[in-house]
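Comments concern the structure below.
No lab work stands behind these numbers, since they all come straight from the coordinates. Just so you know, these numbers come straight off a predicted model, no measurement behind them. No Cβ is skipped: glycine too gets one built from the backbone with ideal geometry, and neighbour counts run over all protein chains shown.
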Amino acid sequence: MRKSLQRLQNPKDTVRALAEWLHRTAQPRVMPKRFFYIAAYDVADPARLRKALNLAKEFATGGQKSVFECFLTPSERDELIGRMGALLESEEDRFALLRVEPRAAPRTLGLAVPPSDPDWFYVG
């Protein structure tokens, strides 16, 4: 490829040849489908609690205390469940991974205010 590009004198020919080569060799990359989950745990032992927190943070996009939001592929979901299952004691600890329907309208209880986007965002 490099030798054939060096032989081309016209820059337009070089760009055209490179575009053709990329088109021939490039494999389409498909983004794996991710699903929205809520991961929650209740751990009795402080040492396991810290390990569960660190494990949940590896997969989380946000959260607080022992409840996290995660966008996971099926393989990531299986990995999280497997690693958390190996970490926790089944008699003392609990772990829940709940899939959330992304198209569902949010509902609020009590004095909560429904979420809304502002008219504009400042990025600075």
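Remarks
- Computed from the alpha carbon positions, the gyration tensor of the chain leads to an equivalent ellipsoid with semi-axes of 47, 24, 14 Å, biggest first.
- Hits among aspartates and glutamates - C-alpha to C-alpha of residue 51 under 16 Å, sequence gap 8 or more where chains match: 42, 79, 89, 92, 93
- Calculated FRET value between residue 100 and residue 47, using beta carbons and R₀ = 30 Å, to 0.05: 0.50
- Alpha-carbon Debye profile of the stretch 35-99, log10 I(q)/I(0) at 0.11, 0.24 Å⁻¹: -0.21, -1.01
- Of the chymotrypsin sites (Phe, Trp or Tyr not before Pro) found in the stretch 48-124, those that fall in a DSSP loop while having at most 12 other beta-carbon atoms within 10 Å are 120, 121, 122.
- Calculated [222 nm] ellipticity per residue, helices only, for the chain: -12500 deg cm²/dmol; basis is -39500 (n - 2.57) per DSSP H run with n ≥ 4, divided by all residues, nearest 500.
- If R0 is 25 Å, the Cβ-Cβ spacing of residue 57 and residue 111 corresponds to a FRET efficiency of close to 0.25.
- Cleavage-rule hits (GluC sites (Glu not before Pro)) in the stretch 66-124: DSSP loop, at most 16 neighbouring Cβ within 10 angstrom: 89, 91, 92
- For the chain, the relative contact order comes to 27 percent (Cα pairs under 8 Å, sequence separation of at least 6).
- Rounded to 10°, Cα long-axis angle of helix 11-25 versus longest principal axis of the chain: 50
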